[in-house]
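Since the structure comes first, as structure tokens, the remarks are kept for the end.
Any read-out appearing in this document is the output of simple, stated calculations on the displayed coordinates, not a laboratory observation. All of these numbers come straight from a predicted model, not from anything done at the bench. Quick reminder, even Gly has a Cβ in these numbers, built from the backbone with ideal geometry, and neighbours come from all protein chains shown.
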């Protein structure tokens, strides 16, 4: 009898990090990831673990992986003891590999296509014990994710064993591949987005594990481990409190000097529209927290709403298993929703309002009914943090407005339009005039990417789309800025060369017809003014490359050293 | 008054003398005395010669010593030796009446067990400062070991900042004991100079206490102090012989590393160097921000000595309108942190009313910088010290004095205020 080849395999990981326990044992999870025959490393088609420690100059030998269809299903650590999980570097390598693959698969599922890393190459290199330092980061130039380790109070702390940290760094690498211009100095919100989005993916990825949801509920519940749970414990405030008292407290406290205690901060940040205008929240890490808080708040409100629909098993009680299942499913759906939105976001100069409209529109396309009111809750939650849909979106629904009018496909070949940047460029060029795509005439224009994708909606129908991004660049001397900018900083020297950018995302439907043109136009005077003033005040024009450095950003986040200031020379 | 800025290479050493009429006579305040690097041609035993000159100029009696913060380039001159012949011994023999230091140096703020639970915020912060010395020490050892992989430029910068942040025990002890009285100051405290400098108003404008900082910043958390604690432990672990978190694990010998790992290993080694530099830079900044900021006021003259205070330290004082008003009248400014880009807040500078270029006003602003270029940062990343754009502003808007110009006696070029010892210039001396 031949064994059936499955598209996925299961590997053991540590559910959050070694400090989150269940009955005195490390809480584990088996995660499902794409199946492949692994070379020692593990070394797979997208991830290559090289376990080199640069502080001590040690290269660890990798494990020879058992065949996929062997007795343990190709998981050498299925029955390993806790002590072994902590002390075997080969397990650390597996933990990092499995979490990275899980996040990658999550992105590919949501976007309906292969997703590349943010560098030229297929396999990201991963150093699970890169150095003795309280830091972890994605490095584009090294094509790698690096995770540090450091002696904690009672045992060695390994960043690669922390689910949220691995997921966070992986997200940076993927986001950089999807939207390469998001690391450019732009608005404070674009800088905040990379961090905030990585945190959102990390937290939702952790909450999508039922065992973690169970832990959140248990830690703050008086009648633990029973089959029922009192409905009075399931209000937004109570759940918020459980997250705070439970998981945020449990999650390796020592690691908060790496990740800066995201969960705690984002849950503590109660809804208020004041943050977004507060100067202290102009600092990117701080500003990112607003975005995370708005999403986590959505998670709680959808969860509570859905629990209302579950029948009580006894008066005032719900079935625990169902409560947990709902929580994990909601986290999982929200995660997909967030990732999917990237395709509907503008390629340059992103602001939170753009992201909100992107989430709403992409979800509307695939799930028009919104039975569980995700979109309504999301919009409400974002609004409670002062984030409203983009000005260019429909006033009432917050959705991007569909392209109407006289777009020409006349000389375009549909087949090429789905994958060929030159074909897409021709389309853009043919439609460049004011009443169509409205490109800025004097700028350099380039197509950044063309990506065909296929998604399956909950109704079972396929949604075929092609997503293309283009950008426009113009270099002007400060004295020429009035062409595009109203409000020019007074102390900017007239001869100073300033680069302005703009661009748009084009979404074509299954017939090659343009559905959406999501545009941060070069000619948007208001946004260009805001952006130039922000960058000038904070001295970004002096040293732009420094802002692509995640190692530095993460350290500044941990030490809370203010990275940006208007006072420097 | 006379201000002498001594030639100490990369460091600070200022002797501020107040000339009184009658019985009071002259009163001398030494503000910092340290160096982390000297150029060739400055002669041997520079610090000792400077100490001797200080003693001579103050007639063997210092009235106050100010140590703005504990960086080597501000306190190394206070170091002593067993024979009691070091520069610090000479300063101690001038029996200062009072020694001024920032609140972070208060012996009671220190704790032995850095990991003891239940530390107050203050103790936890001071413990973090202590950990920074340990980190610097470990980084220097690691850098020395990996010198060949790091490359000369990176190695030099690591060693420079690393050494500046080493603890300097004998200097610290000397500062604790040399004066009849020690005062530890924060924003708003009484300076302790009231008796020794009659008629001089001294305002303490920094560093703020943690409580004061909280008023203007999002709440600081202890995570930050923990970061330094864990970092110190990590660096110390890394320099242990045979450091390896997995004793049992199989490893490759250096010669048997598979070819497909080599490119990456090379990259990682250079990342490690950058990491170390990032860490020492970050801790250097924290330490700079413990600097005392003093404003002396006498007969319409306001003299500002901010040590190495960077923007974070300054921001508390600058958040107070009344203080900004006071600062607007400054006539003498000791340029912060050797002229680095982060230590003369632009809003402070633009607020100085006595700048020469201020329209309709004939300014009399004098600025003094003690610095040495080529030691710190690089122009390509706009981090060079002194920062050129700042130097340009200082030169055009003030009467500008820099120790960098103080060199060997040269018939063709006389430098304003230069006082020679033999053919070597030892200090820039300005009376006002």
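Averaging sequence separations of C-alpha pairs under 8 Å and six or more residues apart, then dividing by the length of chain B, give the relative contact order as a whole percent.
Relative contact order comes out at 17 percent.
Between the alpha-carbon centers of region A:44-113 and region A:322-373, tell me the distance in whole angstrom.
If you average the Cα positions of each part, the centres end up 29 Å apart.
With viscosity set to 1.567 mPa s and temperature to 4 °C, compute the Stokes-Einstein D of region A:455-519, Rh being the Kirkwood radius across alpha carbon pairs; µm²/s, no decimals.
The Stokes-Einstein estimate is 87 µm²/s.
Roughly how many whole Å is it from the C-alpha centroid of region A:269-305 to that of region B:38-80?
53 Å
Have a look at region B:1-120 and give its Rg and Dmax from the Cα atoms, expressed in angstrom.
Both quantities, over Cα of region B:1-120: 16.3, 56 Å.
Counting each pair of different Cα atoms once, what's the Kirkwood radius of region B:182-269 in Å, rounded to one decimal?
19.1 Å
If the protein assembly as shown were replaced by its equivalent ellipsoid, with semi-axes equal to the square roots of 5 times the Cα gyration tensor eigenvalues, what would those be, largest first, whole Å?
Those come to 54, 34, 27 Å.
Would you order A:217, A:103 from fewest to most other beta-carbon atoms within 10 Å of each residue's own beta-carbon?
A:217, A:103
For chain B, give me the percentage of DSSP beta bridges that are antiparallel, rounded to the nearest 5 percent.
60 percent
Whole Å is fine, so just give me how far the alpha carbon centre of region B:291-366 lies from that of region A:186-215.
With region B:291-366 and region A:186-215 each reduced to a Cα centre, they are spaced 44 Å.
Just want to confirm a number: the relative contact order over region A:188-384, from Cα pairs under 8 angstrom separated by 6+ residues, in percent.
In percent, rounded to a whole number, it is 32.
If you take the Cα atoms of region B:33-90, find Rg, then find the Kirkwood Rh from the mean of 1/r over all pairs, what is Rg/Rh?
My calculation of the ratio gives 0.96.
Give me the Debye-computed log₁₀ of I(q)/I(0) at q = 0.14, 0.25 Å⁻¹ for region A:316-387, equal point scatterers on Cα only, no solvent, two decimals.
-0.51, -1.16
Considering the Cα positions of region A:414-537, please state its Rg to one decimal place and its Dmax as a whole number of Å.
17.6, 59
Note down, for region A:323-467, the three equivalent ellipsoid semi-axes (square root of 5 times each alpha carbon gyration tensor eigenvalue), biggest first, whole angstrom.
They are 31, 19, 13 Å, listed from largest to smallest.
Work out the P(r) tail for region A:188-384: percent of alpha carbon pairs separated by more than 25 Å, whole number.
Of all Cα-Cα distances in region A:188-384, 36 percent exceed 25 Å.
In the calculated pair distance distribution of region A:265-308, what percentage of Cα-Cα distances lie above 16 Å?
More than 16 Å apart: 39 percent of the Cα pairs in region A:265-308.
For region A:8-178, what does the convex hull of the Cα positions come to per residue, in cubic angstrom?
Spread over its residues, the Cα hull of region A:8-178 gives 110 Å³ apiece.
Take the Cα gyration tensor of chain A, multiply each eigenvalue by 5, square-root it, and list the three semi-axes largest first, rounded to whole angstrom.
The three semi-axes for chain A are 38, 27, 26 Å.
Residue by residue through B:265-273, how many Cβ atoms from other chains fall within 10 Å of the Cβ on average?
For this peptide, the per-residue mean of nearby foreign Cβ atoms is 6.
For A:371, B:387, what's the fewest-to-most ordering of other Cβ within 10 Å of each Cβ?
A:371, B:387
Going by how many other Cβ atoms sit within 10 Å of their own, how do A:125, A:513, A:238 line up, fewest first?
By the 10 Å Cβ count, ascending, the order reads A:513, A:238, A:125.
According to the square roots a ≥ b ≥ c of the eigenvalues of the Cα gyration tensor, what is the shape class of chain B, taking rounded for a/c under 1.5, prolate for a/b larger than b/c otherwise, and oblate for the remainder?
prolate
Against the longest alpha carbon principal axis of chain A, how many degrees, from 0 to 90 and to the nearest 10, is the axis of helix A:550-559 turned?
Here the helix axis deviates by roughly 70 degrees.
With Kirkwood's inverse mean 1/r over C-alpha pairs for Rh, give me the Rg to Rh ratio of region B:253-316, two decimals please.
1.45
Which order do the peptides B:201-214, A:387-400 take when ranked by the mean count of other beta-carbon atoms within 10 Å per residue, highest first?
Answer by packing, highest mean first, reads B:201-214, A:387-400.
Out of all DSSP beta bridges with both ends in region A:8-178, state the antiparallel percent to the nearest 5.
About 70 percent, rounded to the nearest 5.
Which percent of Cα pairs goes in each bin when the distances of region A:127-237 are cut into 10 angstrom slices starting at zero?
Here the calculated profile for region A:127-237 is 12, 31, 29, 19, 8, 0.
Apply the Debye scattering formula to region B:52-189, with a single equal point scatterer on each alpha-carbon and no solvent, then give log10 I(q)/I(0) at q = 0.16 Å⁻¹.
The Debye formula, applied to the Cα set alone, gives -0.93.
List residues of region A:44-85, by number, whose backbone nitrogen lies under 13 Å from a label position 7 Å along Cα→C-beta of residue B:256.
Output list for this probe position: A:59-62.
Could you tell me how many degrees, from 0 to 90 and to the nearest 10, lie between the Cα long axis of helix A:421-430 and the main elongation axis, the longest principal axis, of the Cα atoms of chain A?
40 degrees
Quick check on the protein assembly as shown: of the DSSP beta bridges with both residues there, what percent are antiparallel, nearest 5%?
Restricted to the protein assembly as shown, the bridges split so that about 75 percent are antiparallel.
Extension gain residue A:566-residue A:32, at 0.36 nm per residue separation less the Cα-Cα distance, in nm?
Length gained between residue A:566 and residue A:32: 187.5 nm.
P(r) tail for region A:382-465, what percent of Cα pairs lie past 15 Å?
Counting pairs separated by more than 15 Å, the tail of P(r) holds 73 percent.
State, as an integer percentage, the relative contact order of chain A based on alpha-carbon contacts under 8 Å between residues 6 or more apart.
Over chain A, the number comes to 12 percent.
In degrees from 0 to 90, rounded to the nearest 10, what is the angle of the helix A:320-341 Cα long axis to the longest principal axis of chain A?
Tilt of helix A:320-341: around 30 degrees.
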